[in-house]
Amino acid sequence: MMDPMAGIGGNGPSPTDQTNSNEREVLDMTAAMANHKKVDTIRSFMGIVSGCVAGILGLTGLEGLVCFLGLHLTVSVTIYCKMGFDLKTYSRESALGFWTADVQKSGLSFMLFWTLFYGLVHLF
């Protein structure tokens, strides 16, 4: 992931002006958008793969939903670890927004592939 804070770290200049009472944050929108797109792609792929897994395993009802939520949480934790447990460096999202982002979109992909693979493996 790219650092959207414009390379400002502990060694470089401070993103805030010490003499000015107005604190300003420096953010590289290109890097922030690239990070958001990468996370979105990973979560979409997770929805597809988890739908295939749930369909092949024959999970129905709440078992399939638990499979999706468990894999979504696993992928979110993995992304959070990749960020070095510092969400504010890579994103302006709140913690709740990060954990629940793309649940609806990846959930729809999950349902599509869940029903497709369940039908292919167990019904035909």
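The values are calculated or read from the model by the stated rules, or taken from the named source; none is laboratory data. Since we're looking at a predicted model, the values are computed, not measured. SASA here: full protein model, heavy atoms, side chains in, ligands and nucleic acids out. Shrake-Rupley method; radii C 1.70, N 1.55, O 1.52, S 1.80 Å.
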| query | Counting only the heavy atoms of the protein chains, how much of Y80 is accessible to a 1.4 Å probe, in Å² to the nearest 10? | reply | 60 Å²
| request: First compute the accessible area of segment 50-124 with a 1.4 Å probe, then give the percent of it belonging to carbon and sulfur atoms. | output: 72 percent
| note | Semi-axes (Å, rounded, descending) of the ellipsoid equivalent to segment 46-124 per its C-alpha gyration tensor are 29, 10, 9
